[in-house]
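> Pasting in a structure now, in structure tokens, and then I'll have a few things to ask.
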Ligand code: PMP
Ligand code: GLN
């Protein structure tokens, strides 16, 4: 393993899912739904396979049907206009979009400012690109993890190439407010920075939270690479359909890297996700409502079990503080949890450079059946 990757072992998600499999514990670690998405979308994939649509290499940027549907979605929801031919790129999940964006846009030695805790692939991809990550820590404030805008400003130097943001935010569930995003945008314009924004949880927002794509803010469309994924919104994480929307110059750059990572993404699923993007609004409302109920079920269960809970405004993760249980080391806690309670969770510290900041926090996924969440809550209640 080369020096750039030497610090990266097996991802925590694979490690914790293996632990769940080995111990038979309920897996609230890795974020994947235990129920598949809409049947009609699965049928659309089957039809594409049968009809021979996408069984041979699809076009490099993605099939036109999907690119058109992505552009229409950005227009309909956010009033953002993207040309499907020059400003949309289909990728193998958001993971490839992140990798291709960083490999395409970061020069060796460039600094990339990222919100901490950060999704694990950011660190590895910044390293593969030869960049240096500069984390800005989100800290608990009034029941949510919030960004300190002064710290963000202070993190930008002459070497900063881009800001890598994520909203709704994994693992904290924070949804950046319009005001926070406006401050980030202002900084990007002032310091002439690119912004790569991971918005895979764009549809998973609850209560009065609103997802604002930073590309909608003044001066941002031309400097922003927006990333999303079908995995989260339609509960087909195994299909690995993701995408990028950006200006022609930025899409061309990302596509140049993507060509040599996967060349193209799997064909038949692209046709199915084109149909998924065009589902009526009720689909998205029902998805949110279902997850909100699950969030409340798990969050209440965790509170009863003695955790201090950060009830998330978005995503399907809830972060909890273990200190009220008399614990302080999330790693040790998560390693012993299968044996003590028959549940698997993720120690948030893996998403931090400043590990001590993340030490007392653990993440539980609630994209699971209600009976599974109830059973997990009951098991966790036995911890006290
Ligand atoms: N970004 C974030 C913040 C995520 O949580 C995930 C989750 N899996 C991804 C990217 C990767 O998405 P995909 O499965 O589409 O590659
Ligand atoms: N994004 C998912 C999570 O945060 C996992 C994806 C993966 O395993 N790479 O749990």
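The values are calculated or read from the model by the stated rules, or taken from the named source; none is laboratory data. It should be emphasised that the depicted structure is a prediction, and the values quoted were computed from it without experimental measurement. Every residue, glycine among them, receives a Cβ derived from its backbone with ideal geometry; neighbour counts consider all protein chains shown.
> Which of the following residues is within 14 Å of the chain's Cα centre (by Cα) and either closer than 29 Å to residue 296 by Cβ or modelled with pLDDT of 95 or more (or both): 87, 96, 151, 111?
96
> Only one of these is assigned to a loop (DSSP other than H, G, I, E, B), under 24 Å from the mean Cα position of the chain (by Cα) and under 30 Å from residue 88 (Cα atoms): 37, 52. Name it.
Exactly one residue qualifies, and that residue is 37.
> Would you be able to tell me the number of residues in the range 99-108 that are more than 12 Å from ligand 1 (Cβ to nearest atom) and either at pLDDT below 95 or not in a loop (DSSP other than H, G, I, E, B) (or both)?
4
> Identify, please: which residue in the range 219-252 is in contact with a helix residue (DSSP H, G or I) (Cβ under 7 Å, 6 or more places away or on another chain) and surrounded by fewer than 20 Cβ atoms within 10 Å (Cβ to Cβ) and is, among those, farthest from residue 86 (Cα to Cα)?
Among residues in the range 219-252 that are in contact with a helix residue (DSSP H, G or I) (Cβ under 7 Å, 6 or more places away or on another chain) and surrounded by fewer than 20 Cβ atoms within 10 Å (Cβ to Cβ), the one farthest from residue 86 (Cα to Cα) is 237.
> Further question: Applying the selection to the range 336-384, what residues are at pLDDT 95 or above, in contact with a helix residue (DSSP H, G or I) (Cβ under 6 Å, 6 or more places away or on another chain) and in a loop (DSSP other than H, G, I, E, B)?
Across the range 336-384, the qualifying residues are 342, 345, 352, 359, 360, 366.
> Let me ask another. So, in the range 20-34, of the ones that are away from ligand 1 (no atom under 16 Å from the Cβ) and surrounded by fewer than 18 Cβ atoms within 10 Å (Cβ to Cβ), which residue ends up nearest to the chain's Cα centre (by Cα)?
Among them, the one singled out is 21.
> Same structure again: So is residue 117 over 30 Å from residue 271 (Cβ atoms), surrounded by fewer than 16 Cβ atoms within 10 Å (Cβ to Cβ), outside the structural domain of residue 360 (by TED's automatic domain parsing) and in contact (Cβ under 8 Å) with a residue 12 or more places away in the chain or not?
Judged against the criteria, residue 117 is not a match.
> Does residue 215 fit the bill of being in a helix (DSSP H, G or I), at pLDDT 95 or above and buried (at least 20 other Cβ atoms within 10 Å of the Cβ)?
It is true that residue 215 is in a helix (DSSP H, G or I), at pLDDT 95 or above and buried (at least 20 other Cβ atoms within 10 Å of the Cβ).
> List every residue pair whose Cβ atoms lie under 6 Å apart, where the two residues are 6 or more positions apart in sequence or sit on different chains, the first residue falls within the range 214-225 and is without any contact (Cβ under 8 Å) to a residue 60 or more places away in the chain and not assigned by TED's automatic domain parsing to the domain that holds residue 195, and the second residue, located anywhere, is surrounded by fewer than 19 Cβ atoms within 10 Å (Cβ to Cβ) and in a loop (DSSP other than H, G, I, E, B).
Close Cβ pairs (under 6 Å, with a partner that is surrounded by fewer than 19 Cβ atoms within 10 Å (Cβ to Cβ) and in a loop (DSSP other than H, G, I, E, B)) do not exist here.
> What number of residues within the range 115-146 satisfy the criterion of being closer than 26 Å to residue 11 by Cα, outside any strand (DSSP E or B) and more than 16 Å from ligand 1 (Cβ to nearest atom)?
Residues meeting the conditions: 4.
> Also: Quick check on residue 276: is it modelled with pLDDT of 95 or more, within 20 Å of residue 74 (Cβ to Cβ) and either more than 18 Å from the chain's Cα centre (by Cα) or in a loop (DSSP other than H, G, I, E, B) (or both)?
Yes.
> Enumerate the pairs (first residue in the range 282-310 and at positive phi; second residue anywhere and assigned to a helix (DSSP H, G or I) and crowded, with 17+ Cβ neighbours inside 10 Å) with beta-carbon separation below 9 Å, excluding pairs fewer than 6 apart on the same chain, so at least 6 apart or on different chains.
Close Cβ pairs satisfying both conditions: 306/325; 306/380.
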